[in-house]
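A short write-up of the structure that comes next.
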Amino acid sequence: MKPNRKQAWQILTEYTTTEALLQHALAVEAVMRHFAELSGEDPNEWGVIGLLHDLDYEQFPDQHCHKTAEILEEKGVDENYIRAICSHGYGICTDIEPQSKLEKTLYTIDELTGLINAVCLMRPSKSVLDLEVKSVRKKFKQSSFAAGVNREVILEGCAMLEMELNDVISETIAGMRKAASEIGLQGTF
């Protein structure tokens, strides 16, 4: 089964209730859709995979990606979707190396959306709508800021995608802007 967006949301909310995790899933979904459109790929497929990528994280953080695979296999989800989702944990909690452009994109932008979210929350506007690449780059260099964000994964992902960090940041911001209200980053102007 290749779940549609509604089915993916039902699966996600069966295992995830925390507002921050749901907003992160929505942010990753929006960015994956954006990158799919840029690549001429299927935004629905990329979006669903982005939406489901942290399916197990709230309930099973010590089994991250592994429990997701188990849950999605039980639900009959297409093995390519499962592989793509699990590849975002490459080198951290899985040995599934990202191969396709979809997998490489998910691997790269997962951590980056977290960093961008943190940067937005520190801004007076609390918004992604007025965020610039240089603001993200400045915080990227500060390892103490959003210390849980693995910058090496982001850089490795940029290399996999053969894209410059600034370009990946710019496109990730663009994707997050499309879902600003849903991810709590509409802000106050």
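FYI, it's all coordinate maths here, none of it is from the lab. None of the values given here were measured: they were computed from a predicted structure. Neighbour counts are summed over all protein chains in view; Cβ atoms, including those assigned to glycine, are modelled from backbone coordinates with ideal geometry.
Assorted remarks:
- Residue ID - nearest to GLU37 (Cα to Cα), chosen from residues in the range 90-116 that are buried (at least 24 other Cβ atoms within 10 Å of the Cβ) and of a type in the set (S, T, N, Q): THR105
- One residue from VAL153, VAL149, VAL168, VAL119 being without any contact (Cβ under 8 Å) to a residue 60 or more places away in the chain, crowded, with 17+ Cβ neighbours inside 10 Å and assigned to a helix (DSSP H, G or I): VAL119
- Scanning the range 1-45 for residues that are farther than 19 Å from THR113 by Cβ, hydrophobic (A, V, I, L, M, F, W, C) and touching an Asp or Glu at 6+ places or on another chain (Cβ under 7 Å) yields a total of 1.
- For the range 13-32, the criterion of being assigned to a helix (DSSP H, G or I), surrounded by fewer than 18 Cβ atoms within 10 Å (Cβ to Cβ) and in contact with a Leu (Cβ under 8 Å, 6 or more places away or on another chain) is satisfied by at least one residue.
- Test: ILE116 is under 23 Å from ASP167 (Cβ atoms) and β-branched (Val, Ile, Thr): yes
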